[in-house]
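So the structure is just underneath, and the comments pick up after that.
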Amino acid sequence: MCALPAAPPGKRKEIYKYEAPWTVYGMNWSIRPDKRFRLALGSFMEEYNNKVQIVSLDEETSEFTSRSTFDHPYPTTKIMWIPDAKGVFPDLLATSGDYLRVWRVGENDTRLECLLNNNKNSDFCAPLTSFDWNEIDPNLLGTSSIDTTCTIWGLETGQLLCRVNLVSGHVKTQLIAHDKEVYDIAFSRAGGGRDMFASVGADGSVRMFDLRHLEHSTIIYEDPQHHPLLRLAWNKQDPNYLATMAMDAMEVIILDVRVPCTPVARLNNHRACVNGIAWAPHSSCHICTAADDHQALIWDIQQMPRAIEDPILAYTAAGEINQIQWSSTQPDWIAICYNNCLEILRV
């Protein structure tokens, strides 16, 4: 069964909007069940003076309010809440930029818990393009960098000390993942385990790794023109499928790891370059794509390998959509960012 569940009847609006004081780029939904409509937003400003803001929707007033704002030197290349649906870990948020930072979020303030720097011998740091937080084991994070490496970090949330968990991290392993810059990394749920991850980069390849056998990697796909691949996303329900997109491309390609090198589908209705990909958290055959053509499109791919002609839903925003996230705890809501705006849309 592959239908998107119907939204319950009620008086809630279909779209809520928040206007930030700056251009928004990084964005992520909170996963904690007690923080239903909470998101983190990162600014995109040229100067060394960026911000991260935590906002939440008041369901009574239908308004977003800012809960806290904190400084972040460079723009966040990615923001992610700890994938802790049960609330057993501290309320943590991670950001990547020059370094990987882990923050503790309080009711009205946010403080830096640890700054993870892999280059102990130098003030130089190779900027981090992205990272992923392992859903199976939230003590694992992986970062991708322009220095061709991926680093797997172990996080310790420590013993209680004066009622506060101390958070620290260490490098578990670092590997040269690609021949050129690595632009994205994502853990897979394959086998129900925590050990598989993939990366994409400027060499135009998708590579798959196993933490238990890091001396080997598998090239799943190579762009025929060797165009850089910017993003990848694993299907949340079926780890055989992942999606990726090339720089300046107007299409998203779907790959099946069992059939390497040949895409099983191409989603190509966008009229400008694609910026974001988000799989449905609750359905193996729905995926959302967003692009500079102001559109967010939802696709049903269950007919693969037959061609997927048209999306099943389309939304046109008031600007170029640079970020899209599908809420894992509330699968009938998608968030998009464009200009200085965050919108959440009921699907």
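The values are calculated or read from the model by the stated rules, or taken from the named source; none is laboratory data. Predicted model only: the values in this text are computed from it and were never measured. Cβ atoms come from the backbone with ideal geometry, glycine included; neighbour counts cover every protein chain shown. Calculation scope for accessible area: heavy atoms of the full protein, side chains included, ligands and nucleic acids excluded. Shrake-Rupley method; radii C 1.70, N 1.55, O 1.52, S 1.80 Å.
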Inset, instruction - Please list, ordered by first then second residue, the pairs with beta carbon atoms under 6 Å, 6 or more apart or interchain, first in the range 300-312 and within 17 Å of A278 (Cβ to Cβ), second small (G, A, S) and not in a loop (DSSP other than H, G, I, E, B). - result: I301/A265; I308/A265
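Would you say S283 is of a type in the set (S, T, Y) and either in contact with a Ser or Thr (Cβ under 8 Å, 6 or more places away or on another chain) or within 15 Å of C150 (Cβ to Cβ) (or both)? Before you say what the answer is, go through the steps one by one.
Details: of a type in the set (S, T, Y): yes; either in contact with a Ser or Thr (Cβ under 8 Å, 6 or more places away or on another chain) or within 15 Å of C150 (Cβ to Cβ) (or both): no.
No.
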Inset, instruction - Name every residue in the range 45-61 that is of a type in the set (A, V, I, L, M, F, W, C) and surrounded by fewer than 17 Cβ atoms within 10 Å (Cβ to Cβ), in order of residue number. - result: M45
Inset, instruction - Would you please list the contacts, defined by Cβ atoms under 9 Å and residues six or more apart or on different chains, that run from a residue in the range 240-267 that is farther than 12 Å from I220 by Cα to a residue that is open to solvent by 50 Å² or more (accessible area, probe 1.4 Å) and of a type in the set (A, V, I, L, M, F, W, C)? - result: A265/A307; R266/A307
Inset, instruction - Check whether at least one residue in the range 226-236 is under 30 Å from E113 (Cβ atoms) and assigned to a loop (DSSP other than H, G, I, E, B), and report yes or no. - result: yes
Inset, instruction - Could you grab me the full set of residues in the range 181-209 that are touching a strand residue (DSSP E or B) at 6+ places or on another chain (Cβ under 6 Å), assigned to a loop (DSSP other than H, G, I, E, B) and either hydrophobic (A, V, I, L, M, F, W, C) or free of Cβ contacts under 8 Å to residues at least 40 places away in the same chain (or both)? - result: D195
Legend entry - Criterion violated by A243 - all others in (1) farther than 28 Å from D58 by Cβ; (2) open to solvent by 10 Å² or more (accessible area, probe 1.4 Å); (3) among the aliphatic types (A, V, I, L, M) satisfied: (2)
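Taking the condition open to solvent by 10 Å² or more (accessible area, probe 1.4 Å), among the polar types (S, T, N, Q) and closer than 19 Å to D147 by Cβ, does S205 pass?
Against the criterion (open to solvent by 10 Å² or more (accessible area, probe 1.4 Å), among the polar types (S, T, N, Q) and closer than 19 Å to D147 by Cβ), S205 does not qualify.
Given the criterion under 17 Å from the mean Cα position of the chain (by Cα) and not basic (K, R), identify the matching residue among I152, I146.
Values: I146 fails: under 17 Å from the mean Cα position of the chain (by Cα).
Every option except I152 fails the conditions.
Matching residues to (1) hydrophobic (A, V, I, L, M, F, W, C); (2) modelled with pLDDT of 95 or more; (3) assigned to a loop (DSSP other than H, G, I, E, B):
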residue	(1), (2), (3)
M1	yes, no, yes
P8	no, no, yes
R12	no, no, yes
M27	yes, yes, no
D34	no, no, yes
L39	yes, yes, no
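Looking for whichever is more than 19 Å from W234 (Cα to Cα) and within 16 Å of the chain's Cα centre (by Cα) here; the options are I321, I287. Which one fits? Full working, then the answer.
Numbers: I287 fails: more than 19 Å from W234 (Cα to Cα).
That would be I321, the only listed residue that is more than 19 Å from W234 (Cα to Cα) and within 16 Å of the chain's Cα centre (by Cα).
Matching residues to (1) charged (D, E, K, R); (2) open to solvent by 60 Å² or more (accessible area, probe 1.4 Å):
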{"site": "E181", "(1), (2)": "yes, yes"}
{"site": "D195", "(1), (2)": "yes, no"}
{"site": "R212", "(1), (2)": "yes, yes"}
{"site": "Y221", "(1), (2)": "no, no"}
{"site": "Q225", "(1), (2)": "no, yes"}
Legend entry - Tabulated pairs, the range 64-76, first touching a residue at least 60 places away in the same chain (Cβ under 8 Å), second assigned to a strand (DSSP E or B) and buried (at least 16 other Cβ atoms within 10 Å of the Cβ), C-beta under 6 angstrom, 6+ apart or interchain: F64/Y18; F64/V55; F64/L57
